[in-house]
1. Could you please tell me which pairs satisfy a Cβ distance under 6 Å, a separation of 6+ or placement on different chains, a first residue in the stretch 291-303 that is within 14 Å of CYS115 (Cβ to Cβ) and polar (S, T, N, Q), and a second residue that is within 16 Å of ligand 2 (Cβ to nearest atom) and assigned to a loop (DSSP other than H, G, I, E, B)?
2. If you check ASN289 against the conditions, is it surrounded by 16 or more Cβ atoms within 10 Å (Cβ to Cβ) and in contact with a Lys or Arg (Cβ under 6 Å, 6 or more places away or on another chain)?
3. Restricting to the stretch 171-189, and then to whatever is part of a helix (DSSP H, G or I) and of a type in the set (D, E, K, R), can you tell me which residue is surrounded by the fewest Cβ atoms within 10 Å (Cβ to Cβ)?
4. Of all residues in the stretch 266-278, count the ones that are surrounded by 15 or more Cβ atoms within 10 Å (Cβ to Cβ) and under 17 Å from SER253 (Cα atoms).
5. Report whether or not ASN166 is within 16 Å of ligand 1 (Cβ to nearest atom) and assigned to a helix (DSSP H, G or I).
6. Within the stretch 317-341, take every residue that is in a loop (DSSP other than H, G, I, E, B), away from ligand 1 (no atom under 11 Å from the Cβ) and not β-branched (Val, Ile, Thr) and give me the one that is modelled with the lowest pLDDT.
7. Which members of the stretch 26-46 meet the condition of being of a type in the set (Phe, Trp, Tyr) and in contact with a Leu (Cβ under 7 Å, 6 or more places away or on another chain)?
8. Looking at PHE125, PHE117, which is the one that is without any contact (Cβ under 8 Å) to a residue 40 or more places away in the chain, within 14 Å of ligand 1 (Cβ to nearest atom) and not assigned by TED's automatic domain parsing to the domain that holds ALA27?
Amino acid sequence: MKDIGSLTLEELTAQFQNELGLPAFRAKQVYKWLADGAVDFSEMTNISKELRNNLSNIYYISVANIEKKLISVYDKTVKYLFSFSDGNMIESVVMNYHHGYTICLSTQVGCKMGCTFCATGQGGFVRNLTPSEMLAQIHRAQKDLGIRISNIVLMGMGEPLDNYDNVIRFLRLVSSEDNLNIGMRHISLSTCGLVDRIYDLEKENLQLTLSVSLHAPNDEIRSRTMPVNKRYPIDTLLSACRSYVNTTKRRISFEYAMISGVNDSDECARELAQRLKGMLCHVNLIPVNPVKNTGYKKSAQERQQAFIRILGKYGITATVRRTLGADINASCGQLRGAHNK
Ligand code: SAH
Ligand code: SF4
């Protein structure tokens, strides 16, 4: 069976014409249904029953099923545990900011990178998600909440650049006018720093926002919390980031989860500032979300403010990320972790 939702309109049109002898407008009709979130060919009522039957023998439609749904009492943030047809589960979170609805999507079932502070990292890796499974998370949430999602962050479970081809295809699909038409400027991609893939992404020259999970000012601390740093040390990573900014002219966001007593000293702030000096960037401080068995605690508010002041002295802007959905463990990986126990 073929994955219809991972095709572009051009590809579907070519298959319809060459393999099924169908006119281009049929492909357009079917594609419209898919872009509107159809989960079954039987919904496609402007197409004959016979053709719908034929299509369902050749193609399948990826669907995200709601296994669990939590709504924050504080801010209405919604967190889903979705399952796919093979039973694998991932999480997505929908947040309501002033400028519209933002969805935090997963790109893999689990993750190979093993960051010590991350719930997803603790569970290991199962498989990559397909482009259609990434789209399905948006469709399911939109239908369930009766909303249009306008912004996407690839900050759920998984390392997007470790599933490079599928993620790039997803980005092209989701931003295309024939599909969900969510522009690249409304999309952020977060990576733990796979340097070779950052250079590949630079060549694509997309207008999305690149977020780099830095979380430490030097190799000693970073290698302790993020094993990927042993493969791509900080200087190698930051050279790739400088090159990326040069080509795309887009500001990079550095994510920095503040962990009490680990990476939040004044000395850490100064070291970080030295390293980032002169780069078109912004630092997002995130009080670390405590995950079971890590022993990590979030930094005190005075620490966060001291950090921001020191970075500011070196001309680097930093803000503390607003935490949404604190009561529903909205940072990804925690719900699936709890469900699997
Ligand atoms: N794999 C990618 C994207 C998914 S993780 C990446 O690592 O960037 C999304 C963000 O959440 C990353 O910045 C990650 O470092 C951060 N994160 C993971 N666990 C966290 C925790 N317990 N507290 C705060 N941030 C966390
Ligand atoms: Fe993977 Fe990102 Fe979690 Fe690290 S922080 S384990 S890269 S999902």
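The values are calculated or read from the model by the stated rules, or taken from the named source; none is laboratory data. Because the structure is predicted, anything quoted here is derived from the model rather than measured. Backbone-built Cβ (ideal geometry, glycine too); neighbour counts: all protein chains shown.
1. THR294/PHE117
2. Considered against the rule, which asks whether it is surrounded by 16 or more Cβ atoms within 10 Å (Cβ to Cβ) and in contact with a Lys or Arg (Cβ under 6 Å, 6 or more places away or on another chain), ASN289 comes out as no.
3. Going through the stretch 171-189, the residues part of a helix (DSSP H, G or I) turn out to be 171-175, 184-186.
Among the residues that remain, those that are also of a type in the set (D, E, K, R) are: 172, 185.
On the way: ARG172: 15, ARG185: 13.
Result: ARG185.
4. Residues that pass the stated criteria total 5.
5. Numbers: within 16 Å of ligand 1 (Cβ to nearest atom): yes; assigned to a helix (DSSP H, G or I): yes.
In short, yes.
6. Here is the first cut: in the stretch 317-341, the ones in a loop (DSSP other than H, G, I, E, B) are 317, 321-325, 329-333, 341.
Subsequent filtering for residues that are away from ligand 1 (no atom under 11 Å from the Cβ) retains 317, 322, 324-325, 341.
From the residues that got through so far, the ones that are not β-branched (Val, Ile, Thr) too are 322, 324-325, 341.
Details: ARG322: 74, LEU324: 71, GLY325: 73, LYS341: 41.
Out of the qualifying residues, it is LYS341.
7. Step one: of the stretch 26-46, the residues of a type in the set (Phe, Trp, Tyr) are 31, 33, 41.
Those that are of a type in the set (Phe, Trp, Tyr) and in contact with a Leu (Cβ under 7 Å, 6 or more places away or on another chain): TYR31, PHE41.
8. Details: PHE117 fails: without any contact (Cβ under 8 Å) to a residue 40 or more places away in the chain.
The conditions single out PHE125.
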